[in-house]
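Have a look at the structure below, then the notes.
Just so it is clear, none of the values below were taken in a lab; they were calculated from the coordinates. Just so it is clear, the model here is predicted, and its values are computed rather than measured. Glycine also receives a Cβ, built like all others from the backbone with ideal geometry; neighbour counts cover every protein chain displayed.
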Amino acid sequence: MVSQSLDHPLPPVSTRRPFHLAFLSAALRITPTAIRRWAYSQLISIGERRGWRIHPGIYRLPFGLVVKRSPFDVQRVEAAALHFLESDTRDVSHPLLIDAVSTDERVAVRDETRRTTYTIMTFISGDTACDVMDDSFTPNDWARLEMDLRKQLDALRLHTSQQSHEICNAAGGIVYDPARLSWVAEEQLRLATAKEFFSQLWPGLSIPRNRDTIRPVIQPLIDKPIPISFCHADLVPRNLIFPGGLDAWRAGRSRVCIIDWEYAGWMPEPWDAIKSILILGEEDDPWLPFVKRVFPGYDEYLEAEMLWRSKSGMMII
C-alpha cells in the first residue's frame, strides 16, 4: 500500500491551456483544410532535413509542439481521445491536442491504401519511465508513481464509468489493438458487451485441453457484468513521461504524463490493467506487482490473462 505522506506532495494536474496554444488552435480552426494539409507535409519535409524526427512518423516542432503522421486510423483515434480528455475529464495529465487533419494522399499498407492523418499536439519534454526504471529508481519513486497514476486513473474512471456504453475506440469506431486483439479490427467485429469483449480476448476455452482446466477459472469472469469506462489501452513504461525530468517529478514540480492515446476508447474497466502486463520482463520484474497496486480489485483478471497465455495453447497473432 502507498504511504500517504510523500516527501513532496503531488501537485494538481494543470488543465489550463496557455494563451499562445489557445490562439494557435483557434487560428487553425478557421484555416482551410487544404492549407493545413500542405503546411503539415512541408513541416515534415523540413523536419527530415533538419533532424527533427524523434521516432518514425513523429517530428518535434518549434514552440513545444510535435506532429505525428500515420497511414493508419490510430492518429484519428488519438486526436479524438485527447479532445475528449480535455473537454470531458479532469485530473489526467496528457498532451494537448492542437489540430488533426487527414489528407487525400493515399499510402500503400499491406496491399491496401489508407489516408494519412497529421496530428499536432504539445511535446512533453522529460524522462520516459522505461529509461529511468533501473536500480536508481527507488522504493519511494515506485510509491510516488503508484499514487500519481492511481489518482489519475481513478479520476478517469470516476468521470467515465458506465454500465451500458458502446465498446469502441475514442473516435467511435471498432476497437483497434494490433498487439492483443488484432483480429477484432481485421474482421470488423463490433463488440457490444463486456462479455463479447472478453470472449474475444480469451478464445479457445471450449477446446478439449481447456474445458476442464482453465475454462472453469476464466469463464465466470467473461460472464461477470463489469462497467465500461474510457481506457488508455497501452499503459506501459514507454508511455509514461516525467515532465521536466525525474528529479523535477520527485520534487513535486510535475505529475507523470500519459502519452500515446492511439488505442484509447471505451472498454471494460479491467482492460487497462490487463493490457499493462502484455510485455513483462524477468520473473522478478517489479512492474507486475506495481500494476496490481495501481489497479486494486482486478487481480483475478490479471491472473486469468496470465493463465490463458501460459495454458490455453492459443497464440496471440
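Which cross-chain or sequence-distant (5 or more) residues have an amide H under 5 Å from the amide H of Ala100, H modelled 1.01 Å from N in plane?
Amide H neighbours of Ala100, under 5 Å, 5+ apart: Ile120.
Once both labels are modelled 7 Å past Cα along the beta-carbon direction, what's the Ser136-Arg150 spacing in nm?
In this crude spin-label approximation the distance works out to 2.7 nm.
What is the magnitude of the charge dipole of region 127-311 about its Cα centre, with +1 placed on the Cβ of each Lys and Arg, -1 on the Cβ of each Asp and Glu, and no other charges, expressed in debye to the nearest 20? Write down the numbers at each step before the final one.
On the way: 20 positive and 29 negative charges, 117 e Å.
Using only the charged Cβ atoms, the result is roughly 560 debye.
With the cut-off at 27 Å, tell me which of the pairs Lys151/Lys275; Lys68/Lys151; Lys68/Lys311; Lys68/Lys224; Lys195/Lys275; Lys195/Lys311 have Cα atoms farther apart than that. List each step's numbers first, then the result.
Working: Lys151/Lys275 19 Å; Lys68/Lys151 29 Å; Lys68/Lys311 39 Å; Lys68/Lys224 39 Å; Lys195/Lys275 17 Å; Lys195/Lys311 21 Å.
Distance filter (> 27 Å) returns Lys68/Lys151; Lys68/Lys311; Lys68/Lys224.
In the chain, which whole DSSP H runs stretch at least 30 Å along their own axis (Cα) and average -1.0 or higher on the Kyte-Doolittle scale? List each step's numbers first, then the result.
Numbers: long enough: 139-160 (31 Å, -0.92).
Answer set is 139-160.
Please identify the GluC sites (Glu not before Pro) of region 175-217 that satisfy two criteria: DSSP loop assignment and at most 16 other Cβ atoms within 10 Å. Which are they?
Values: sites: Glu186, Glu187, Glu196; in loops: Glu187.
The qualifying sites are Glu187.
What net charge do the residues around Gly244 carry, taking every other residue with its C-beta under 12 Å from that of Gly244, with Lys and Arg at +1 and Asp and Glu at -1? Can you show the working numbers first?
On the way: positive: Arg250, Arg253, Arg255; negative: Asp127, Asp247.
The answer is +1.
Tell me the net charge near Ile274. Cut-off is 12 Å between Cβ atoms, Ile274 excluded, with +1 for each Lys or Arg and -1 for each Asp or Glu.
Values: positive: Arg180, Lys275, Lys292, Arg309; negative: Asp177, Asp234, Glu269, Asp272, Asp299, Glu300, Glu303, Glu305.
Neighbour charge sum, excluding Ile274 itself: -4.
Once you sort the root eigenvalues of the Cα gyration tensor of the chain as a ≥ b ≥ c, which label holds: rounded (a/c under 1.5), prolate (a/b larger than b/c) or oblate (the other case)? Walk me through the intermediate numbers first.
Numbers: a/c = 1.84, a/b = 1.25, b/c = 1.48.
In terms of gyration-tensor shape, oblate.
222 nm [θ] for the chain, helices only, -39500 (n - 2.57) per DSSP H run of 4+, per residue, to 500? Please list the in-between numbers first.
Working: 13 runs with 128 residues, N = 317.
Taking each H run of at least 4 residues, the total per residue is -12000 deg cm²/dmol.
Size of the dipole of the chain about the Cα centre, Lys and Arg at +1 and Asp and Glu at -1 on the beta carbon, nothing else charged, in debye to 20?
Numbers: 37 positive and 41 negative charges, 208 e Å.
Roughly 1000 debye for the chain.
Less than 9 Å Cβ to Cβ from Thr119, Lys/Arg counted +1 and Asp/Glu -1: what total charge do the surrounding residues give? Working shown, then result.
Numbers: positive: Lys68, Arg69, Arg76; negative: Glu78, Asp99.
Overall, the nearby charge balance is +1.
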